[in-house]
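Trainee: After the structure tokens below, expect a handful of questions from me.
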Amino acid sequence: MDRKDQKLTQTWRQGTIPVVFRQGNSKPLLVRLPYSSDNREWLKAEHRNQPEWIQRYKCWSTPNSWFEDIIKRSLTKYGSVYVIQTYRTHQKCAPACWNATGIDCECSCMGENHGSGNPIGKWYIVSDTCAVSWDEKQYSCRLIVPNNRLPVAIVDRSAPADVVVGLK
């Protein structure tokens, strides 16, 4: 991470809460876990592939398809997990987000409305999907903790994308 963004750098480097960095598209996840000698086995779990250690970033690389599983297991083992991922600043939250049953949220609400049903009084429904003009791409950082029904975001931070691209 660029040293200009102190909050994201501190989040990435802290060693007590797991951090999952979603690079976007089909790129692998970068996963930073509190040290344990069995981290490789814990990450692999029932998956067929082995996680790969990336020395440069001091983290594990795993398939993007492991995202939901890693989040759920991190919540069980550690009680919380940071998720850093791209998002666009334009408010594009819609019924697809409100009615979601999983953890994966990529819209600009950063998980605030995720799985909430219709947040009455906050939104007008235009359509389930739409085309919009988007602002500059950024990364969001949210701390996810378990809730009675779904994990929810309780902290969000953002920075311009070019600040977060290189992780150290």
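Trainee: Checking LEU43 against (1) in contact with a Pro (Cβ under 7 Å, 6 or more places away or on another chain); (2) part of a helix (DSSP H, G or I); (3) at pLDDT below 90: exactly one of these is not met. Which one?
Mentor: Evaluating LEU43 over (1) in contact with a Pro (Cβ under 7 Å, 6 or more places away or on another chain); (2) part of a helix (DSSP H, G or I); (3) at pLDDT below 90 leaves (3) as the failure.
Trainee: Considering only residues of the range 1-32 that are within 14 Å of the chain's Cα centre (by Cα) and in a loop (DSSP other than H, G, I, E, B), which is surrounded by the fewest Cβ atoms within 10 Å (Cβ to Cβ)?
Mentor: Of everything passing the filter in the range 1-32, ASN25 is surrounded by the fewest Cβ atoms within 10 Å (Cβ to Cβ).
Trainee: Please work out which one of (1) buried (at least 20 other Cβ atoms within 10 Å of the Cβ); (2) among the small types (Gly, Ala, Ser); (3) at pLDDT 70 or above is the condition GLY111 fails and give its number.
Mentor: Unmet condition: (3).
Trainee: Then there's this: Just checking, how many residues over the range 21-37 are modelled with pLDDT of 95 or more and either touching a strand residue (DSSP E or B) at 6+ places or on another chain (Cβ under 8 Å) or over 14 Å from ARG73 (Cα atoms) (or both)?
Mentor: The qualifying residues number 9.
Trainee: Residue check, THR76 against (1) surrounded by 13 or more Cβ atoms within 10 Å (Cβ to Cβ); (2) more than 14 Å from ARG142 (Cα to Cα); (3) modelled with pLDDT of 75 or more, all met but one. Which one?
Mentor: (1)
Trainee: Specify the residue that is surrounded by the most Cβ atoms within 10 Å (Cβ to Cβ); the eligible residues are those in the range 51-73 that are outside any strand (DSSP E or B) and over 16 Å from the mean Cα position of the chain (by Cα).
Mentor: PRO51
The values are calculated or read from the model by the stated rules, or taken from the named source; none is laboratory data. Quick caveat: nothing in here was measured; it's all calculated off a predicted structure. Neighbour counts are summed over all protein chains in view; Cβ atoms, including those assigned to glycine, are modelled from backbone coordinates with ideal geometry.
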